[in-house]
Amino acid sequence: MKIALIGCGFFAINQLHGWKGVDGAEVVALCDRDQGRLDVAAAMFDGVRTYTDAEAMFAEGGFDAVDIATTVGSHRPLVELAARHKVHVICQKPFALTLSDARAMVDAVAATGKTLMVHENFRWQSAVRAAIDEVRSGVIGTPFFGRISFRSGYDVYSGQPYLAEGQRFIIEDLGIHILDISRALFGNATRITATTRRINPAIKGEDVATMLLEHEGGATSVVDCSYATRRAPETFPESLLEIDGELGSIRLDAGYQLSVQIGNQVTTRDVSPPVLPWASRPWHNIQESVQIIQQHFVDCLRDGRDPETSGHDNLHTFALVEAAYLSAREHRTVTLADL
């Protein structure tokens, strides 16, 4: 499968490394408006074509899928451009500026018969995946409660200074991942109640959010996110999980320790992710998940099935983000069916 990638910025370098490790894929074209970033990315591949204009890249063609790794404001025009040229699409999160934009993008690609996947990679972190697999195996029976927590004081602004400038921050940038993990564990949510705070005076958006979700199957989950939490040892960028089921419980604790308790019997194992040759701590769990989700995309296209985080599926996660902001703003519970 021949891949083109648009956007060679901070996070896209992980996607470029990831593609080099994916079985059945080859990067043949790169696009970025910044020639310096484009040159750095192109040096990673032999014979790759480079463009500073996406229209020109699509006009020349020669690829089966495009990986859109740009910022959110450019997603809709680029996805619709890809749809016009009838190629498969991966789009970075957050998927869109608005829910109506997201729906239009899903419809545009669906009309071509091609596949659209959102690069929602947190559920593909190997440690998180181990917990999801345990839940889906039925070992603890039907889950009725969960907590998905990401709390840190890590300086994310130095590498991505734009994060400090947006009016919306932690739910849109990080909480979207944690909400998606909740969906992977408990299914779609029907209602959400959220509160937000801004603790860091140097940023414009919220850096703390706490969300309570009611799921279709009756489970309740608490999703909490913070970039204002001082803790030792620092757990960035780990997501910590608690899942209670009718037959037992599952915990993913700091240090990638996964425990399954059935009755009084507790089994604990280390599910630490490997550090890939191109990865670095502490980002290695996220970096590994990038390659895993890319391989999932290629495998799904080969097998003729939808990716777990298809565009249509991701509408449910995106709706939770919009509903969380609405809940926090209006101090009320929001029903997802009303969006």
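Things worth noting here:
- Subset of the stretch 143-171 (residues that are of a type in the set (A, V, I, L, M, F, W, C) and not in a strand (DSSP E or B)): 156, 163, 164, 169, 170, 171
- Residues that are in a strand (DSSP E or B) and open to solvent by less than 20 Å² (accessible area, probe 1.4 Å) were ranked within the stretch 212-225; the one that is farthest from residue 156 (Cα to Cα) is 215.
- Candidates 228, 194, 209, filtered to the one that is touching a strand residue (DSSP E or B) at 6+ places or on another chain (Cβ under 6 Å), open to solvent by 10 Å² or more (accessible area, probe 1.4 Å) and either in a strand (DSSP E or B) or farther than 30 Å from residue 265 by Cβ (or both): 228
- Residue count for the stretch 273-299 satisfying the condition of being part of a loop (DSSP other than H, G, I, E, B) and buried (at least 19 other Cβ atoms within 10 Å of the Cβ): 2.
- So residue 247, is it under 25 Å from residue 195 (Cβ atoms) and either open to solvent by 50 Å² or more (accessible area, probe 1.4 Å) or not polar (S, T, N, Q) (or both): no
- Odd one out for residue 201, checked against (1) closer than 30 Å to residue 167 by Cβ; (2) surrounded by fewer than 15 Cβ atoms within 10 Å (Cβ to Cβ); (3) in contact with a Ser or Thr (Cβ under 7 Å, 6 or more places away or on another chain): (3)
- Only one of the numbered conditions (1) buried (at least 24 other Cβ atoms within 10 Å of the Cβ); (2) under 20 Å from residue 216 (Cβ atoms); (3) hydrophobic (A, V, I, L, M, F, W, C) is not met by residue 184, and that is (1).
Each row is one residue, and each column tells you yes or no for (1) more than 19 Å from the chain's Cα centre (by Cα); (2) small (Gly, Ala, Ser).
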residue: 212; (1), (2): yes, no
residue: 219; (1), (2): yes, yes
residue: 226; (1), (2): no, yes
residue: 233; (1), (2): yes, no
residue: 243; (1), (2): yes, no
residue: 254; (1), (2): yes, yes
residue: 259; (1), (2): yes, yes
residue: 262; (1), (2): yes, no
residue: 268; (1), (2): yes, no
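- Hits in the stretch 48-69 (condition: among the acidic types (Asp, Glu), touching a residue at least 24 places away in the same chain (Cβ under 8 Å), surrounded by fewer than 22 Cβ atoms within 10 Å (Cβ to Cβ) and not in a helix (DSSP H, G or I)): 64
- Single match in 151, 191, 183 (criterion: of a type in the set (Lys, Arg) and more than 20 Å from residue 322 (Cβ to Cβ)): 151
- Being within 25 Å of residue 15 (Cα to Cα), open to solvent by 40 Å² or more (accessible area, probe 1.4 Å) and in contact with a strand residue (DSSP E or B) (Cβ under 7 Å, 6 or more places away or on another chain) is a condition met by at least one residue of the stretch 101-121.
- Residues within the stretch 237-248 that are under 18 Å from residue 224 (Cβ atoms) and either in contact with a Lys or Arg (Cβ under 7 Å, 6 or more places away or on another chain) or in a strand (DSSP E or B) (or both), tallied: 5
- Filter pass, residue 129 being assigned to a helix (DSSP H, G or I) and at pLDDT 95 or above: yes
- Members of the stretch 249-272 that are assigned to a loop (DSSP other than H, G, I, E, B) and without any contact (Cβ under 8 Å) to a residue 12 or more places away in the chain: 264
- Inter-residue pairs, beta-carbon under 7 Å, first of a type in the set (D, E, K, R) and in the stretch 273-287, second modelled with pLDDT of 95 or more, 6+ apart: 281/275
The values are calculated or read from the model by the stated rules, or taken from the named source; none is laboratory data. Nothing here was measured: the structure is a model prediction, and the numbers come from that model. We place every Cβ from the backbone using ideal geometry, glycine too, and count neighbours over all the protein chains shown. Only protein heavy atoms, including side chains, enter the accessible area calculation; ligands, DNA and RNA are left aside. Shrake-Rupley method; radii C 1.70, N 1.55, O 1.52, S 1.80 Å.
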